Every structure is written in structure tokens, then in C-alpha cells.
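Written below as C-alpha cells is the structure these notes are about.
The values are calculated or read from the model by the stated rules, or taken from the named source; none is laboratory data. Keep in mind the model is a prediction, meaning the values are calculated, not measured. Here the Cβ is made from the backbone with ideal geometry for all residues, glycine too, and neighbour counts use every protein chain on show.
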């Protein structure tokens, strides 16, 4: 259900709407000529988000990504899934696997570890790694993919929300909305700025809400933040984050947060995840940085 939050009396008017989806709250801010236009555009943008959740969600047993053949092989996929995977492979290659859409087998192990409070065994991790690796995923020139290893399971949690932000902005543009900001749980994507402004004023808060955060003017860009403080659990006397290093299958156990500004929500989302795995030193070694800006929030001892 779309909720209208506010609008101004003068044209052009600013409207705001919100709706739950993909496990978080999505908000749309837009400039539109009237309420009817704004409501129609917001309804269609949220419907687009809902459809993508049915395609990309690893939590939904009926989603397209969960329905991929466990025995591997070549399969035709939707245009949306193909587009997400094409970008994911590009990022995986550029980050040498610090971002990897095939991380699903390790994700399942760590979800179980979180529920039980026990770390995955080395044998289980070794077995999961055999069914992972972006090199084992081939994305064709048309909507088909090849899963080269039996038992592969894709997980698009590190890119799906950003892709949804992009798709929602495109839907809004198709409805005639040229100035919009979409917020998906703190990740943001903007089209044109409000009239008379250089961009949408946004703020990225540091971990734990400490400090004033980073203020940005966003137009035709996206920003995503990833880090180890957002979700974690304790096992063996240590805190383990929800972020996994796909190269080892291990969850991160040190504090880090990265905020990425990029040309699209999907790219910002994926690169923010990769940045946390790589850290500042590893980040300097990757080639896909020309259109990507990163800022770090590290524990004090890491910067001394």
C-alpha cells in the first residue's frame, strides 16, 4: 500500500511515498505536477520493485533465482536476472572475486551458523567453496546462463537492492517523472534534481550513528553503504558479520564500513560490498574505479 507523506502547495510539487519490500523500507521522493500523477508513478515503481523481489530474492523459494537448476547446465533466464548477472560478473572479474554472485552455498552455511551460534566446520566450508566461484558462471550475450558446477546457488543480496533502485527510477521516468530520489534501506539513487537545485540533499550516517555523517548532493548518481555493524552474531567469543569473503567463504570479523558513489544503484551496491572485503589497500589494486568513489569508516586503531 502506497502512503502519501507530504506535498507542497505550489507547482511543481514534491511528493513522498513509502512501501516495504526486499526486507526493508523503500521511499520515493519526487517532483510531479499533481497528486494523481505522483500516485500513479509511485504505484508503478513499487510494482516494479515487487516484481524484482520475485525474481532476485534468495529468501523466496518461488523466486526465479531459487528455481535455477541445481544440477547445473545451460538455462534461459529473464531479462532482469540476465542484466543483474552480467553486471555481477563484471564486478566479480574487476574485484578478483571480492564480490561474487555465486556465494550462495557459503551464505547458507553462515545463516545456519547465525541460528545455532556455531561456526561452520572447515569441511563444510571446503565443500561450499567447490560449488562457488564466479568463473563457474557463464553469462551469455542473450538471456541465458550456464552454471558449470552442480549444486551452485546464486545470492544477489549484494546487488539486487541497488538494481531495484535503478529500475524504479526508470519506471518513474517512463511516467514522466524526471526529478526523483529513491531510498532502499539507506541506499539511494537519484535521477534529476528538484527544480532550482543542483541535487538531492542526502546524508550517510557513520556506524552506530556516531558523528554527523557525510552530506552529499545527489543527481543522476547513486550511493550505497555496506559494513560489518549492520548485522552480526557472536560465536566462539567473537562477532561475525553478515558480510562474507567469497574467496574464502569466511564471514568478516573486523570492523569496516564503506560508502560508494557510482553511476547506478546496482554498481554502487556491488562495489560497496566488494570494498568492505578488499579494504583500502586492496581497493587500490582493482581496475573498476574510474566511475566509482569510495569513502571509508574504519576503527580508530586501523587508521593510526
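Going through 156, 119 one at a time, which residue ends up being outside any helix (DSSP H, G or I), under 30 Å from residue 237 (Cα atoms) and modelled with pLDDT under 95?
119
Write out, first by first residue and then by second, each pair whose Cβ atoms fall under 6 Å of each other, whose residues are 6+ apart or on separate chains, and whose first residue, in the range 62-90, is farther than 19 Å from residue 160 by Cα while the second is surrounded by 20 or more Cβ atoms within 10 Å (Cβ to Cβ).
72/147
Return the only residue of 147, 165, 125 being closer than 30 Å to residue 298 by Cβ, in contact (Cβ under 8 Å) with a residue 60 or more places away in the chain, surrounded by 21 or more Cβ atoms within 10 Å (Cβ to Cβ) and touching a strand residue (DSSP E or B) at 6+ places or on another chain (Cβ under 9 Å). Spell out the reasoning first.
On the way: 147 fails: closer than 30 Å to residue 298 by Cβ; 125 fails: surrounded by 21 or more Cβ atoms within 10 Å (Cβ to Cβ).
From the options 147, 165, 125, the qualifying one is 165.
Of the residues that sit in the range 220-235 and are at pLDDT 80 or above and in a loop (DSSP other than H, G, I, E, B), which one is farthest from residue 294 (Cα to Cα)? Talk me through it step by step, then tell me what you get.
So the first thing to find is which residues in the range 220-235 are at pLDDT 80 or above, and the list is 220-227.
Applying the additional criterion that residues be in a loop (DSSP other than H, G, I, E, B) yields 220-221.
On the way: 220: 17, 221: 13 Å.
If we take residues in the range 220-235 being at pLDDT 80 or above and in a loop (DSSP other than H, G, I, E, B), then 220 is farthest from residue 294 (Cα to Cα).
Against the condition in contact with a strand residue (DSSP E or B) (Cβ under 8 Å, 6 or more places away or on another chain), more than 30 Å from residue 30 (Cα to Cα), in contact (Cβ under 8 Å) with a residue 24 or more places away in the chain and not in a loop (DSSP other than H, G, I, E, B), how does residue 182 come out, does it pass? Before the answer, list the steps.
Values: in contact with a strand residue (DSSP E or B) (Cβ under 8 Å, 6 or more places away or on another chain): yes; more than 30 Å from residue 30 (Cα to Cα): no; in contact (Cβ under 8 Å) with a residue 24 or more places away in the chain: yes; not in a loop (DSSP other than H, G, I, E, B): yes.
For residue 182, the condition - in contact with a strand residue (DSSP E or B) (Cβ under 8 Å, 6 or more places away or on another chain), more than 30 Å from residue 30 (Cα to Cα), in contact (Cβ under 8 Å) with a residue 24 or more places away in the chain and not in a loop (DSSP other than H, G, I, E, B) - is not met.
Results for (1) under 17 Å from the mean Cα position of the chain (by Cα); (2) closer than 30 Å to residue 182 by Cα; (3) not in a loop (DSSP other than H, G, I, E, B), shown as yes or no for each residue.
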| residue | (1), (2), (3) |
| --- | --- |
| 38 | no, yes, yes |
| 62 | no, yes, no |
| 83 | yes, yes, yes |
| 113 | no, no, yes |
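Which of (1) touching a residue at least 60 places away in the same chain (Cβ under 8 Å); (2) part of a helix (DSSP H, G or I) does residue 98 not meet, given it meets every other one?
Single failed check for residue 98: (2).
Select, from 36, 47, 9, the only residue that is surrounded by fewer than 12 Cβ atoms within 10 Å (Cβ to Cβ) and modelled with pLDDT of 95 or more. Show your work before the answer.
Details: 47 fails: surrounded by fewer than 12 Cβ atoms within 10 Å (Cβ to Cβ); 9 fails: modelled with pLDDT of 95 or more.
Of the residues listed, the single one that is surrounded by fewer than 12 Cβ atoms within 10 Å (Cβ to Cβ) and modelled with pLDDT of 95 or more is 36.
Residues of the range 93-119 being crowded, with 24+ Cβ neighbours inside 10 Å and touching a helix residue (DSSP H, G or I) at 6+ places or on another chain (Cβ under 8 Å), which ones?
Once the filter is applied, which keeps residues that are crowded, with 24+ Cβ neighbours inside 10 Å and touching a helix residue (DSSP H, G or I) at 6+ places or on another chain (Cβ under 8 Å), the range 93-119 yields 95, 99, 100, 101, 102, 106.
Suppose the filter is closer than 19 Å to residue 162 by Cβ, in contact with a strand residue (DSSP E or B) (Cβ under 8 Å, 6 or more places away or on another chain) and at pLDDT below 80; does residue 214 pass it? I'd like the intermediate steps shown before the answer.
Details: closer than 19 Å to residue 162 by Cβ: yes; in contact with a strand residue (DSSP E or B) (Cβ under 8 Å, 6 or more places away or on another chain): yes; at pLDDT below 80: yes.
Here the answer is yes, as residue 214 does meet what is asked.
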